[in-house]
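Novice: Here's a structure for you.
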Amino acid sequence: MGKIKSRMDERILVCVYYGPNGERLIRRGYELSQLSNSPFYVLTVDQLSSDEFDAEKASYIEQWHDLAEELGAEKFILKDSETRPIVKVIKEVAYKYNITQVIIGEKPQNRWEEITKGSFVNALLRELVFVDVHVVSVDRALKVNDEAMYEKGIRGYLKKDEAGFVLSFTKSKHNLFAGVFYKEIGTDFNNGIFKYVCGGKSHQVRVTEDHVVDEIKETPNININEKPSE
């Protein structure tokens, strides 16, 4: 009789970066974890602080976090403000969680374009001793059809008025949330997305003509007694 695998036999780490293929990689990791009855983790790495993510990046992070939770991932790991080489970060996480299999995408974006070259895979294999590396082919037809276009983010605040929360760009003791506002391109009004961090998690809400139209966490992320700027 063959040995029945336990959850300690295999541990899977899915490495994702920004783009439409992240969901596919996470689902591939989930499928592999189901076949081997093993836990899986999701990792994403960025040089920027999470506070500096634009609306698109913040949206991907939120979607992946929710998907990882939905599929029962052991942990969603965000390594932001990271200056080390990506292979070093993957190695650190892999050894911390006793990972035995790593999943990466064939066609990542931005900094991970180098992953398509053999040098990256070879470097990863050198770092990850006794760890299997799976390079997953991605669908070339995948497109970001509904990608919204926003201007560069600017520092902003939210304060309360009679109707709810309103956007402000002036530092004041009345501000309850500090974050970054991304204005939609081609609009004369302050329509767009406001991104903020609350309870250690990144959130974003829709803003229409200066007013927040989505539900917002009512736990201030700044000191409401902060002295206003002159």
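Novice: How many residues are surrounded by fewer than 19 Cβ atoms within 10 Å (Cβ to Cβ) and part of a loop (DSSP other than H, G, I, E, B) if we restrict to segment 40-51?
Specialist: Within segment 40-51, residues that are surrounded by fewer than 19 Cβ atoms within 10 Å (Cβ to Cβ) and part of a loop (DSSP other than H, G, I, E, B) number 3.
Novice: I would also like to ask the following. If we only count strands (runs of 3 or more DSSP E) wholly inside segment 163-230, which ones have 2 or more residues that are of a type in the set (Gly, Ala, Ser) and either at pLDDT 85 or above or surrounded by fewer than 17 Cβ atoms within 10 Å (Cβ to Cβ) (or both)?
Specialist: Here the list reads 164-168, 177-183.
Novice: Let me ask something else. Name the residues in segment 200-216 that are β-branched (Val, Ile, Thr) and touching a strand residue (DSSP E or B) at 6+ places or on another chain (Cβ under 7 Å), would you?
Specialist: Val205, Val207, Val212, Val213, Ile216 - these are the residues of segment 200-216 that are β-branched (Val, Ile, Thr) and touching a strand residue (DSSP E or B) at 6+ places or on another chain (Cβ under 7 Å).
Novice: What is the number of the single condition among (1) in contact (Cβ under 8 Å) with a residue 40 or more places away in the chain; (2) assigned to a helix (DSSP H, G or I) that Leu13 does not meet?
Specialist: With respect to (1) in contact (Cβ under 8 Å) with a residue 40 or more places away in the chain; (2) assigned to a helix (DSSP H, G or I), Leu13 is out only on (2).
Novice: Any idea which of Lys96, Lys107, Lys91, Lys117 is surrounded by 14 or more Cβ atoms within 10 Å (Cβ to Cβ) and either modelled with pLDDT under 90 or over 15 Å from Thr44 (Cα atoms) (or both)?
Specialist: None of the others qualify; the one that does is Lys107.
Novice: Next up: If you take the residues of segment 1-23 that are surrounded by 15 or more Cβ atoms within 10 Å (Cβ to Cβ) and over 16 Å from Asn98 (Cα atoms), which of them is modelled with the highest pLDDT?
Specialist: Per the stated criteria, the residue is Val16.
Novice: Taking segment 88-104 only, how many residues are of a type outside the set (A, V, I, L, M) and out of contact with any helix residue (DSSP H, G or I) (no Cβ under 8 Å at 6 or more places or on another chain)?
Specialist: 6
Novice: A follow-up question, please. Of the numbered conditions (1) at pLDDT below 90; (2) part of a helix (DSSP H, G or I), Arg140 fails exactly one; give the number of that condition.
Specialist: (2)
The values are calculated or read from the model by the stated rules, or taken from the named source; none is laboratory data. All figures in this text were calculated on a predicted structure; none of them were measured in a lab. Cβ coordinates were reconstructed from backbone atoms using ideal geometry, including for glycine residues, and neighbour counts include every protein chain displayed.
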